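Here the structure is laid out as structure tokens; the discussion comes afterwards.
The values are calculated or read from the model by the stated rules, or taken from the named source; none is laboratory data. Keep in mind it's a predicted model, so treat the numbers as computed, not measured. Please note: Cβ atoms are built from the backbone with ideal geometry, for glycine as well, and neighbour counts cover all protein chains shown.
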Amino acid sequence: MPPLAELHLHLDGSVEPETLLEIDPSLTREEIAANTAYSDFAGFLKSFIWVNKRLRTPDDYARVARRLFQRLESEGVIYAEVILSVGVVLWKEQNLADVYDALIREASRSRVTIRWIFDAIRQFGPHTAKPVFDLAAERIGEGVIAIGLGGDEERGPARLFADLYREARDRGLRLTCHAGETMGPASVWEALEIRSGRIGHGIRAIGDPAVVSHLAAKNIPLEVCITSNLRTGAVASLAAHPVRRLYDAGVPIILNSDDPALFGCTLTSEYKLAACEFGFTESELAGLARNAFRYAFEESVAVGR
């Protein structure tokens, strides 16, 4: 594989059991396994929150980041845009400045170039999301490059955040948005209407040829996470996953691991899956790898590839 980049990767979803045991030695492997088992998207969100609640100090976040950056480097990743669930940090009433300072110190020690996407909890609404957007704008130039929405698409439709997205764009932030993961094509349309430059997941776009044509014509990439979609039930089976159909329709595709610890995958395993299950050739895989640099929010990375 050529050098790799990853653009849809949640720090909070990368916490391996071994790291949890280091952070909280009172835990057992059985307890961790029980609390990270799920059968649908709602169960996944509960597991995500359970893990996140174990992160109590800036040092905990730094430890998680260190392990993640080491793994990325071992996979040949040289650039990553890592999503930090700032909405959850604030919900836990933790000091974001201390947490983020610990993270950027850790990133400065890594050979992987790290940029950060601050993520708001969409089901909590725009009022609760506003501090996340403000904090992201304050940290431009200190590693923060974009803002996004995560959580429950149904309870937090993208249209409610249109004003916040417009303000964020005016302040110099790039825009992404989870959409079309568990909800249909209308959710993707809403993400496009608030000017999201990339779509997190977006696989349900396949249900509306007009959305697919728009994504292809406007060169708007989907941050596709195959294993994630299978594990959360966003698709019923691998055979049902539309990644090949979207690619063949001309939609720009980027492969990602999303929450690798919770989904039991890596970026390189996603490339292998694309080859083995969906018939992507070596040339096509190389093109997908180039896409991750081409559509990076860091302009120097995108221009350099």
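Quick notes
- Subset of the stretch 233-276 [among the charged types (D, E, K, R) and either more than 21 Å from residue 74 (Cβ to Cβ) or out of contact with any His (no Cβ under 9 Å at 6 or more places or on another chain) (or both)]: 244, 245, 248, 270, 272
- Qualifying positions in the stretch 99-119 - among the charged types (D, E, K, R), surrounded by fewer than 17 Cβ atoms within 10 Å (Cβ to Cβ) and either within 17 Å of residue 298 (Cα to Cα) or touching a Phe, Trp or Tyr at 6+ places or on another chain (Cβ under 9 Å) (or both): 109, 111
- The stretch 58-93, subset without any contact (Cβ under 8 Å) to a residue 40 or more places away in the chain and crowded, with 18+ Cβ neighbours inside 10 Å, residue nearest to residue 48 (Cα to Cα): 89
- Out of 261, 286, one residue alone is loosely packed, with under 15 Cβ neighbours inside 10 Å, outside any loop (DSSP other than H, G, I, E, B) and modelled with pLDDT of 95 or more. It is 286.
- Every pair of residues 6+ apart whose Cβ atoms lie under 7 Å, when the first sits in the stretch 100-115 and is in a loop (DSSP other than H, G, I, E, B) while the second is among the aliphatic types (A, V, I, L, M): 112/72; 112/77; 112/78; 112/80
- Lone unmet requirement of (1) farther than 30 Å from residue 300 by Cα; (2) more than 17 Å from the chain's Cα centre (by Cα) for residue 45: (2)
- All positions within the stretch 1-39 that are within 22 Å of the chain's Cα centre (by Cα), at pLDDT 95 or above, more than 25 Å from residue 297 (Cα to Cα) and not in a helix (DSSP H, G or I): 16, 36, 37, 38
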